[in-house]
Amino acid sequence: MRESANLDYAPAVLLETRGAVGIITLNSPANLHALTLNIIRMVYQALRDWSTDDAIACVVLQSSTDKAFCAGGDVRTLRNAILAEPSAMPNQLAQSFFSEEYRLDYLIHTYPKPLVVWGGGIVMGGGLGLLAGASHRVVTPTTRIAMPEITIGLFPDVGGSWFLPRMPGRSGLFLGLTGAALNAHDALFTGLGDYFLPQEQREAVIAALVAAEWRGDAAASVDRVLRSLSLAPESLPVSEVRQNWDTIDTLTAGRELGEVVAAITAYQGDVAWLQRAAASLAKGAPSSVALVWELQKRSRHMSLADVFRMELVVALQCCAHPDFPEGVRALLVDKDNAPQWSPRTLDEALAVVDEFFQAPGPQHPLADLN
């Protein structure tokens, strides 16, 4: 096993080559493999190196534990940086973190070789950014996906403005507004996953990839391996999105955001998943709610690169506004679950939403994406 040369952070990312397969393993189980800036940099560099290495036919991105693939970004550190420089715009750590994270996500979306991401266990926020753009996305019976940024005053970033609107119907809008959790069947149905495999078969999958003959179409070789080990469709859990499709369609049918929010939060049915979704939206940051709506509207005809550029501007503005640090405080630091949102109402948030799309400087850090 070849570990990263950066000894201070080497345990957090493990790099290994087995035959023609490069393996990247996130290895910080104490925080569910949350992404730090150094982890982002190491994963990015490994992917860049292997993209032009003729000896590597396929890359696997996984974590070292079954409990989680990646629980998102290290938002506590971001909050500390914001508190240390409350007037900075842009905050330098935030700019480095988000721009390099989005650059990594863009590389995954455009990667020239088969990239297998093993999305078992918890896959949240930044973890979904690593999964969503990969060529071969594996989900398992333990997969739990969510974009719960509404609870911390952020928004579904890491390309969420690209992949949420591409989900069937208005399910992406519903998921962005509520942060509702998805299982493996939901992931397959909404287009966030490709293969359903047993969690305990991970090493068998890697072994089969190592043993594969890499002649001809490498992507087809990966397809054959994953299909041969996939679970039968009847093994899938019930898809909440599919089962509640008509209700989701009705709740999100309004032409104005206020209508949609009112419909979802007024849900009185007996489906627990929908009840939790409605409660999450009701307690979420009004600024986040406004941003979910506005981002999906603005991204409709954008390229992937332009979506990431827009999301970076909005992310930096979130760091300059009070809701993001306050949301992290309430959920993860003090854990009182009593955030004081500002703006306090949806109407107030809609009145200032354009502020979040004002670029902080003339030179965009992602200007070179194409």
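The values are calculated or read from the model by the stated rules, or taken from the named source; none is laboratory data. As the structure is a computational prediction, the values presented were derived from the model and not from experiment. Glycine gets a Cβ as well: all are built from the backbone with ideal geometry, and neighbour counts include every protein chain shown. Ligands, DNA and RNA are stripped out before the accessible areas are found, and what is left, the full protein with its side chains, is counted by its heavy atoms. Shrake-Rupley method; radii C 1.70, N 1.55, O 1.52, S 1.80 Å.
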Quiz item: Residues ASP66, ASP105: which one is within 30 Å of ALA218 (Cβ to Cβ) and in contact with a Phe, Trp or Tyr (Cβ under 8 Å, 6 or more places away or on another chain)?
Solution: ASP105
Self-check item: Test: residue in segment 127-142 that is more than 22 Å from VAL261 (Cα to Cα), β-branched (Val, Ile, Thr) and in contact with a Pro (Cβ under 8 Å, 6 or more places away or on another chain)
Solution: yes
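Do you know which of the residues in segment 351-364 that are open to solvent by less than 70 Å² (accessible area, probe 1.4 Å) and in contact with a Pro (Cβ under 9 Å, 6 or more places away or on another chain) is farthest from ARG298 (Cα to Cα)?
GLY361
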Quiz item: Within the set of pairs 6+ apart or on separate chains, which have a first residue in segment 1-20 that is closer than 15 Å to ILE39 by Cα, a second that is modelled with pLDDT of 50 or more and of a type in the set (Lys, Arg), and C-beta atoms under 9 Å apart?
Solution: ASN6/ARG41; TYR9/ARG41
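Here's the yes/no breakdown for (1) within 13 Å of the chain's Cα centre (by Cα); (2) surrounded by 24 or more Cβ atoms within 10 Å (Cβ to Cβ); (3) within 30 Å of PRO343 (Cβ to Cβ); (4) small (Gly, Ala, Ser):
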residue: SER135; (1), (2), (3), (4): no, no, no, yes
residue: GLY160; (1), (2), (3), (4): yes, yes, yes, yes
residue: LEU164; (1), (2), (3), (4): yes, yes, yes, no
residue: LEU182; (1), (2), (3), (4): yes, yes, yes, no
residue: PHE196; (1), (2), (3), (4): no, no, no, no
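Take segment 242-253 and flag every residue that is open to solvent by less than 90 Å² (accessible area, probe 1.4 Å) and touching a Phe, Trp or Tyr at 6+ places or on another chain (Cβ under 6 Å). Give the derivation first.
So the first thing to find is which residues in segment 242-253 are open to solvent by less than 90 Å² (accessible area, probe 1.4 Å), and the list is 244-245, 247-249, 251-253.
Once the filter is applied, which keeps residues that are open to solvent by less than 90 Å² (accessible area, probe 1.4 Å) and touching a Phe, Trp or Tyr at 6+ places or on another chain (Cβ under 6 Å), segment 242-253 yields ILE248, THR252.
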Exercise. Could you tell me which numbered condition CYS318 fails, if it satisfies all but one of (1) open to solvent by less than 30 Å² (accessible area, probe 1.4 Å); (2) touching a Lys or Arg at 6+ places or on another chain (Cβ under 9 Å); (3) more than 17 Å from LEU173 (Cα to Cα); (4) of a type outside the set (Gly, Ala, Ser)?
Key: (2)
Practice problem: Return yes or no: is LEU177 of a type in the set (A, V, I, L, M, F, W, C), within 26 Å of ARG103 (Cα to Cα), part of a helix (DSSP H, G or I) and open to solvent by 10 Å² or more (accessible area, probe 1.4 Å)? | Solution: no
Quiz item: Residues of segment 116-163 being closer than 18 Å to ASN31 by Cα and out of contact with any strand residue (DSSP E or B) (no Cβ under 9 Å at 6 or more places or on another chain), which ones?
Solution: GLU149, ILE152
Practice problem: Give the residue, chosen from ALA278, ALA282, that is open to solvent by 50 Å² or more (accessible area, probe 1.4 Å), modelled with pLDDT of 95 or more, touching a helix residue (DSSP H, G or I) at 6+ places or on another chain (Cβ under 9 Å) and not charged (D, E, K, R). | Solution: ALA282
Exercise. Please find, within segment 100-131, the residue that is farthest from ALA305 (Cα to Cα) out of those that are open to solvent by 10 Å² or more (accessible area, probe 1.4 Å) and part of a helix (DSSP H, G or I).
Key: GLU100
Quiz item: Where residues in segment 224-241 are in contact with a Phe, Trp or Tyr (Cβ under 9 Å, 6 or more places away or on another chain) and assigned to a helix (DSSP H, G or I), which of them is surrounded by the fewest Cβ atoms within 10 Å (Cβ to Cβ)?
Solution: PRO233
Practice problem: Being of a type in the set (Val, Ile, Thr) and open to solvent by 50 Å² or more (accessible area, probe 1.4 Å) is the filter here, so list the residues in segment 28-73 that pass it. | Solution: THR52
Practice problem: Quick one: ASP336 ticks every box in (1) more than 25 Å from TYR106 (Cα to Cα); (2) in a helix (DSSP H, G or I); (3) open to solvent by 70 Å² or more (accessible area, probe 1.4 Å) except a single one, so which number is it? | Solution: (2)
Quiz item: Are any of the residues in segment 288-301 open to solvent by less than 50 Å² (accessible area, probe 1.4 Å), part of a loop (DSSP other than H, G, I, E, B), at pLDDT 95 or above and under 21 Å from GLU149 (Cα atoms)?
Solution: yes
Exercise. Examine segment 250-261 for a residue that is among the charged types (D, E, K, R), outside any loop (DSSP other than H, G, I, E, B), more than 30 Å from GLY22 (Cβ to Cβ) and touching a strand residue (DSSP E or B) at 6+ places or on another chain (Cβ under 9 Å), and state whether such a residue exists.
Key: no
Exercise. Give me the pairs, please: first residue somewhere in segment 193-205 and touching a residue at least 12 places away in the same chain (Cβ under 8 Å), second residue anywhere and surrounded by 19 or more Cβ atoms within 10 Å (Cβ to Cβ) and among the aromatic types (Phe, Trp, Tyr), beta-carbon distance under 6 Å, and either six or more positions apart or on two chains.
Key: ARG202/TRP118
